[in-house]
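See below for the structure under consideration.
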Amino acid sequence: MSKSLLVAIIVIIAVVAGLVGYYVANVTRPATTVTTPMQVAMAFIFPGSITDTAWNEAGYQSMLSFVGSHPEVKYAWVQGVYDPTQIVSVAKSYAQQGYKLIVGVGFQFGPPFAQIASQTPGVYYLAIAGAKEYVGPQVSGANIRTDQSCFVEGYIAIQISKTKQIGYVAGMNVSELGLCEIGLRNGIKYAGYDPDKVLHVVYTGDFHDVTKAKLATESLIQQYHVDVIKSMGDGVQLGAISAVKEFPGVFIMPSSTYHPELYAEQLLVGEVWDWSAVYSQFYNDYLSGKLASGGQYYWADLANGGIKLIQGSACPSDLWQKAQDVIKGIINGTISTGFTP
């Protein structure tokens, strides 16, 4: 056999062996397994209407933002569940349907959640604006640092006011509404004024009575010559806005959501609440197993984007720029709002 023929045979054998090896490897190689995120069922319960331009709408829009960034979450929601008996019934129903995370958007959800938690093992609850006293093995709470936002708004309001009289109209002195009053007082004081002389506060005692809030706002304007109104709380906000629109020269600082079409040129500062960061923390703590070790307490604030302040058409740019320095001071801790979590 010639040398050249021998070389050719060796080359052919090598090629065939390579092809056979490739074929065998591909036939015996296991198929790639694609893992998809675990689907978690999460329910949201709102005490009022999601179109209230205030509390409930803010919670609802935050829910949409959260589920938009977490497509693996199966979610459901219901509105108009305010009474404690209703809350217990609806929450239990969701738990029986397999929902592992249940969020109640309101301070009134704390007691009912604490009541039923032990009856629904493996289910975790989050009461937005819920008091810390109700946090337990399966119940977490959250709140929003309105002391921060209202500090800034009080600082701005007293400087823009011609009468140096500011009004605050809210539903009840609870949770974030009470924190706002603390912030307003200290923001006014930071600007060099005495809040006891310039701030007038009315808690209507009802989140849904629009007429009562409207009359309370009108009374502040007419009796105390208030020309800047801070409003907070579902129907209370609608009533306050309605009253302010009848008094040119009076400015409004609404809470929760941003609807410039409602107040146009009378908007001094807009305050938007975004609970999506809190929803995400709660969800991630469930996935990591942290909730299994006990309930948590979360805060939405200026630093994590839970609160956003928007310059209104009535707020001068130079004053707004000064307010940015105040915001920075609050975030870095050099300015105290008067409240410590």
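Quick note: the coordinates plus some simple rules give every number you see, no bench work behind them. Bear in mind the structure is a predicted one, so any value in this text is a computation, not a measurement. When we count neighbours, we look across all protein chains shown, and the Cβ atoms used for this are built from the backbone with ideal geometry, even at glycine.
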- Hey, what number do you get for the chain at 222 nm if only DSSP H runs of n ≥ 4 count, each worth -39500 (n - 2.57), divided across all residues, to the nearest 500? -14500 deg cm²/dmol
- Quick note, region 195-289: a/c under 1.5 would make it rounded; otherwise a/b > b/c is prolate and the rest oblate (a ≥ b ≥ c, C-alpha gyration tensor); here it is prolate
- If you take the Cα Rg of the chain and divide it by 2.2 N^0.38 Å, with N the number of residues, what do you get? 1.41
- Task: Please order E271, E153, E265 by the number of other Cβ within 10 Å, starting at the fewest.
- Result: E265, E271, E153
- Query: Residue by residue through region 65-76, which ³J(HN,Hα) values in whole Hz follow from phi under the Karplus form 6.51 cos²θ - 1.76 cosθ + 1.60 (θ = phi - 60°), with glycine and proline marked x?
  - Reply: 5, 5, 5, x, 9, 9, x, 6, 8, 8, 10, 9
- Is region 66-195 rounded, prolate or oblate when judged by the Cα gyration tensor, a ≥ b ≥ c being the square roots of its eigenvalues, rounded requiring a/c under 1.5 and prolate requiring a/b larger than b/c? prolate
- Message: Within a 10 angstrom radius of the beta carbon, how do T204, T51, T163, T146 rank from fewest other beta carbons to most?
- Response: T51, T163, T204, T146
- Task: Holding the Cα-Cα limit at 24 Å, pick out from K197/K308; K100/K308; K162/K214 the pairs that are longer than that.
- Result: K197/K308; K100/K308
- Note on the structure: For K92, the aspartates and glutamates lying under 13 Å Cα to Cα, once residues fewer than eight places off in the same chain are dropped, come out as none
- Once Lys and Arg are counted +1 and Asp and Glu -1 for all other residues with Cβ under 10 Å from that of P195, the total becomes 0
- Message: Over region 197-329, what is the relative contact order in percent, taking alpha-carbon pairs closer than 8 angstrom and at least six residues apart?
- Response: 19
- Query: Counting alpha carbon pairs within less than 8 Å and at least 6 residues apart, what relative contact order, in whole percent, applies to region 84-173?
  - Reply: 21
- Label-to-label distance, nm, for residues given as T340 and I310 (7 Å Cα→Cβ offset): 3.5
- Note on the structure: Taking W55, W275 and counting other beta carbon atoms within 10 angstrom, the fewest-first order is W275, W55
- Listed pairs K74/K290; K132/K322; K164/K322 exceeding 30 Å between Cα atoms: K132/K322
